1. Name the single residue that is farthest from the chain's Cα centre (by Cα) among those in the stretch 39-77 being under 26 Å from E140 (Cβ atoms) and polar (S, T, N, Q).
2. Residues of the stretch 124-151 being within 15 Å of A57 (Cβ to Cβ), touching a strand residue (DSSP E or B) at 6+ places or on another chain (Cβ under 9 Å) and not in a strand (DSSP E or B), which ones?
3. Might you let me know whether the stretch 70-78 holds any residue that is over 18 Å from P40 (Cβ atoms) and assigned by TED's automatic domain parsing to the domain that holds Y50?
4. Sort out which residues of the stretch 108-164 are among the aromatic types (F, W, Y), surrounded by 14 or more Cβ atoms within 10 Å (Cβ to Cβ) and either more than 18 Å from R49 (Cβ to Cβ) or touching an Asp or Glu at 6+ places or on another chain (Cβ under 8 Å) (or both), and write them in order of number.
5. Which number in (1) more than 21 Å from P139 (Cβ to Cβ); (2) in the same structural domain as W145 (by TED's automatic domain parsing); (3) more than 14 Å from the chain's Cα centre (by Cα) marks the one condition that I85 misses?
6. Among the residues of the stretch 22-67, which ones are surrounded by 17 or more Cβ atoms within 10 Å (Cβ to Cβ) and of a type in the set (G, A, S)?
7. Taking G77 as meeting all but one of (1) surrounded by 13 or more Cβ atoms within 10 Å (Cβ to Cβ); (2) at pLDDT 95 or above; (3) of a type outside the set (S, T, Y); (4) under 30 Å from Y36 (Cα atoms), write down the number of the exception.
Amino acid sequence: MSNFKFCPVCTAPLGLHVLDEVERLVCTKEDCNFIYYNNPLPVVAGLIRYEDKILLARNAKWPEKMMGLITGFLENGESPEEGIIREAKEETNLDLSGLSLIGNYSFIQKNELIIAFFAEGHGTIKLSEELVEYKLIPPEKLRPWPYATGLAVKDWLDSNGYKN
C-alpha cells in the first residue's frame with residue numbers, strides 16, 4: 001500500500017476500504033470520491049544489439065558490477081515504442097531500428113510493468129549522466145538474471161536459440 005494519509009483532492013484523511021475485492025485507500029469525506037488505485041507504473045526496456053553484441057549498462061545509483069538493460073518510465077502520451085526509442089537516445093545516444101516486442105513483465109517489488117523490446121542500435125555510444133558504464137556482451141555469453149528485465153533477456157535468448 002502507499003504512505004499517503006490524506007486525500008490529494010480535499011485533504012481529508014484516507015481510509016482503507018475493499019473495492020472490487022481489492023483493499024484501496026479512499027477519501028473519508030463523503031462527497032469527494034477520491035480512490036487511490038496504486039496501479040503499476042509503465043516502464044520500457046530495450047535489449048539493444050550493437051555491433052553484434054548486447055548492450056548492458058550500469059545506472060549511477062547501482063552497485064559496481066550490476067548491469068542491466070536500458071530502461072525508463074513511459075511519458076504521458078507516448079507509445080511504448082516511442083518511449084524506448086527516446087530512452088535509448090537520451091541514455092546512450094543510439095538510434096534504434098528493427099524494434100520488436102519481447103514481452104511484458106511484472107516487477108512487483110517496484111510496482112512496475114515492464115514492456116521490453118529488442119532493437120538494433122546505431123550511432124556512437126555516449127552515456128548520459130544517469131549511466132556510468134556499459135558493456136557489450138556477445139549474445140551467447142549473456143546470462144539472464146531471475147527478475148524484472150532479466151526475464152525479458154531469458155525470453156529473448158530462448159526465442160533466438162541461445163542456451164542460458
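1. Only one residue tops the list, namely N59.
2. Those that are within 15 Å of A57 (Cβ to Cβ), touching a strand residue (DSSP E or B) at 6+ places or on another chain (Cβ under 9 Å) and not in a strand (DSSP E or B): I125, L127, E130, L142, W145, A148, T149, G150.
3. Yes, that holds for at least one residue.
4. Step one: list which residues in the stretch 108-164 are among the aromatic types (F, W, Y), which gives 117-118, 134, 145, 147, 156, 162.
Checking the rest, the ones that are also surrounded by 14 or more Cβ atoms within 10 Å (Cβ to Cβ) come to 117-118, 134, 156, 162.
Within the stretch 108-164, F117, Y162 qualify.
5. That leaves (3) as the condition not met.
6. Within the stretch 22-67, A45, G46, A57 qualify.
7. (1)
The values are calculated or read from the model by the stated rules, or taken from the named source; none is laboratory data. Nothing here was measured: the structure is a model prediction, and the numbers come from that model. Reconstructed Cβ throughout: ideal geometry from the backbone, glycine too, with neighbour counts over all protein chains shown.
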